[in-house]
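Visitor: Encoded as structure tokens, here's the structure I'll be asking about.
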Amino acid sequence: MEFDKALIIQSLEIAGERAGDIAPLVYARLFSQHPEMLPLFVRDKTGAVRGEMLFKVIEAILDFVGPRTYANMMIRNEAVTHEGYGVPLEVFGVFFGTLRDTLCEILGRAWTPQTEASWRTLLSELDEYAKATG
């Protein structure tokens, strides 16, 4: 199954309209489910690094579902870079799922089975690129 680009974009847009800055919600979920990640952000007192990282992830997703001018290589490179930060490869892809889960919560009833299927397919493809670091 292929993901529906329009549904991916729409879910991001609706979340932005409803919640504004979603970074605090995404990171609250990440740290709740993976408290071992919190020490990696200990120096990010203002949340600027978290916000920038989320922005880059969303930009990469938009490129990945669109022209793929850079996202596929960026994901591979960031997976390697994050290993250097102490983020195991199997945990690297967790962030994409955390974003998806946060969007689902924000969208509520607007999160359709088609949206879920599109995100599931997208996450699977993103995971394949993250693991293709060799």
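The values are calculated or read from the model by the stated rules, or taken from the named source; none is laboratory data. These figures come from a predicted structure and were not determined experimentally. Neighbour counts run over all protein chains shown; Cβ positions are idealised from the backbone, glycine included. Note: areas computed on protein heavy atoms with side chains; ligands, DNA, RNA excluded. Shrake-Rupley method; radii C 1.70, N 1.55, O 1.52, S 1.80 Å.
Residue-by-condition table, conditions (1) touching an Asp or Glu at 6+ places or on another chain (Cβ under 8 Å); (2) under 22 Å from A110 (Cα atoms); (3) loosely packed, with under 12 Cβ neighbours inside 10 Å:
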{"position": "L7", "(1), (2), (3)": "no, yes, no"}
{"position": "A23", "(1), (2), (3)": "no, yes, no"}
{"position": "V42", "(1), (2), (3)": "no, no, yes"}
{"position": "D63", "(1), (2), (3)": "no, no, no"}
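Visitor: Just to be sure before I move on: is G93 under 21 Å from Q33 (Cβ atoms) and either of a type outside the set (A, V, I, L, M) or in contact with a Leu (Cβ under 6 Å, 6 or more places away or on another chain) (or both) in the structure I sent?
Guide: yes
Visitor: Just give me the residues in region 9-21 being surrounded by 11 or more Cβ atoms within 10 Å (Cβ to Cβ) and either in contact with a helix residue (DSSP H, G or I) (Cβ under 6 Å, 6 or more places away or on another chain) or of a type outside the set (S, T, N, Q) (or both), in sequence order.
Guide: Filtering region 9-21 down to residues surrounded by 11 or more Cβ atoms within 10 Å (Cβ to Cβ) leaves 9-12, 14-16, 18-19, 21.
Hits for region 9-21 are I9, S11, L12, I14, A15, G16, R18, A19, D21.
Visitor: Looking at (1) assigned to a helix (DSSP H, G or I); (2) touching a residue at least 24 places away in the same chain (Cβ under 8 Å); (3) open to solvent by less than 20 Å² (accessible area, probe 1.4 Å), can you tell me which one R29 breaks?
Guide: (3)
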